[in-house]
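The values are calculated or read from the model by the stated rules, or taken from the named source; none is laboratory data. Since this is a predicted model, take the numbers as computed values, not measurements. Note that we place each Cβ from the backbone using ideal geometry, even for glycine, and neighbour counts take in every protein chain shown.
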Amino acid sequence: MELENLNGHETNVYNLQGFTPEVVDESYLKKLGVKACPSDETLAGLKKGSELFIKRLAEGTVIPRPRLTMKEIDLDSPVEIHNYTGKCPTLTYEINPVKGCNVGCMYCLVTDGVHENELEAYTNYPEYIGKFLEEHYAEQHYYYFSPKTEALQEPTLQTGIAHRILKEFIRHYEKHPDSRARLFIASKAGDRQLRYSFEGESILDLFVRLKDKMQFNTSVSIMPGEFRSIIEPYAATLEERMKAVRLCQENGIMANSALIQPIVVPYLTTEHMTEFFGMLSENGIVNYKPEFLTACMENLAMLGQILGYYDKEMEKELYEFYIAPENADHRKQRGRTAPNRSDSIHYIRRMMEITEPMGMSISICYWVRQQLGISEEMIPIINRNGFQCLGYQSRLFAQ
Ligand code: SF4
């Protein structure tokens, strides 16, 4: 089926005036003034990523094409548990009704920013989740909608799959008011997505019927605005995402925690952080989970060049934060590298200094805690506002 994009920008990666992709190699880095001396392996990744970027630009496969194939999932296949650290303190099941994602973020943690494959949606996913819910509701757990795709995007909205998944939860709670399942929705949706109707009911209408059992956590990135509009090609704007947050709050739906993801470190001046968190605070956000950009070297070569289109100094700094040999072991899954540890901890502390006076709390995932040696005194497992890890609200279980 053909999809109709709800968001998009006049300027995109294909028509950036005067932008010519290059090969990020030793001489490119030197010319830029990068001091770090990356390993051969790192250089090979940057070079490969540059070449792939050039090829995908020529083929028109950098960002998703709005086409969707419908498939069916095996109703007996297990629902995946979300616990990539192996030590997450919560039990969380994943809801992933789409393979690929139409938002098309070029830093996507799931695809490493590669959106060549066509999108596929599972038409029977609501039944699949409904069946699993019926079998597992006694134990305290969350459902994360969606860690591997965007929950509220064209493929789930225009097919009604998102609406039907929410209806499965509504049916479930009507049948089992004592259910220990809770719904955690982390999403880049704006107000337009929440107002999207299918068979006469909008996402917001359905949220209202789930309001004591769910939370809606907005997902927002810290980076220059023009850069964001290129590398999040089909995402709602920040203003629209804040409108979605307020719509939820006005309707009694818990929407007071944000995933701050990804954080582009060279952009983190005091002024930018104060402005960004001030905006969140004004929109009723009281908790945030920060997540620095993690990228494999192939992906970094693409992101760096687009950032450099706007600001060469930031591009230089971006590479400095990631490519030094002593940082090569600071990796998440699939070789995604995080910025060096000392800067990461420095910026977490700076964010906390800026957000404390705003009354905001912070929660972090176990992997970050372990990598950066963050103690429970600095950031408790469950913080004073009841949030933990990604921003799961522990008090949801009191309702
Ligand atoms: S919205 Fe999430 S899953 Fe979709 S492309 Fe962006 S980062 Fe990936």
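Among GLU127, GLU150, which is the only one that is at pLDDT 95 or above, within 8 Å of the ligand (Cβ to nearest atom) and acidic (Asp, Glu)?
Numbers: GLU127 fails: within 8 Å of the ligand (Cβ to nearest atom).
It is GLU150.
Out of the residues in segment 85-113 meeting the condition of being more than 10 Å from the ligand (Cβ to nearest atom) and hydrophobic (A, V, I, L, M, F, W, C), tell me which one is modelled with the lowest pLDDT.
Checked segment 85-113; the qualifying residue modelled with the lowest pLDDT is CYS88.
Inspect segment 127-140 for any residue being in contact (Cβ under 8 Å) with a residue 60 or more places away in the chain and either surrounded by fewer than 22 Cβ atoms within 10 Å (Cβ to Cβ) or over 25 Å from ALA255 (Cα atoms) (or both) and give the result as yes or no. Explain how you work it out, then say what you get.
Keep residues of segment 127-140 that are in contact (Cβ under 8 Å) with a residue 60 or more places away in the chain, which gives 140.
Then drop every residue that is not either surrounded by fewer than 22 Cβ atoms within 10 Å (Cβ to Cβ) or over 25 Å from ALA255 (Cα atoms) (or both), which leaves 140.
Yes, there is a match, as at least one residue in segment 127-140 is in contact (Cβ under 8 Å) with a residue 60 or more places away in the chain and either surrounded by fewer than 22 Cβ atoms within 10 Å (Cβ to Cβ) or over 25 Å from ALA255 (Cα atoms) (or both).
So which residues in segment 293-332 are part of a strand (DSSP E or B) and buried (at least 24 other Cβ atoms within 10 Å of the Cβ), if there are any at all?
The answer is ALA295, and nothing else.
I'd like the full set of residues that are assigned to a helix (DSSP H, G or I) and of a type in the set (Ser, Thr, Tyr), limited to segment 152-169. Lay out the reasoning, then the answer.
Initial filter on segment 152-169 (assigned to a helix (DSSP H, G or I)): 154-158, 161-169.
Hit for segment 152-169 is THR156, nothing else.
Looking only at segment 170-205, count every residue that is basic (Lys, Arg) and part of a helix (DSSP H, G or I) and tell me the total. It would help to see each step written out before you state the result.
Initially, segment 170-205 is screened for residues basic (Lys, Arg), giving 171, 175, 180, 182, 188, 192, 195.
Filter once more, so that each one left must be part of a helix (DSSP H, G or I): 171, 175, 192.
Total meeting the criteria: 3.
So how many residues does segment 354-399 have that are exposed (fewer than 13 other Cβ atoms within 10 Å of the Cβ) and either touching a Ser or Thr at 6+ places or on another chain (Cβ under 9 Å) or aliphatic (A, V, I, L, M) (or both)?
Qualifying residue count, segment 354-399: 4.
Of these, THR92, THR149, which one is in contact (Cβ under 8 Å) with a residue 12 or more places away in the chain and more than 21 Å from ASN299 (Cα to Cα)?
Answer to the selection: THR92.
What number of residues within segment 239-259 are without any contact (Cβ under 8 Å) to a residue 60 or more places away in the chain and closer than 16 Å to ILE222 by Cβ?
3
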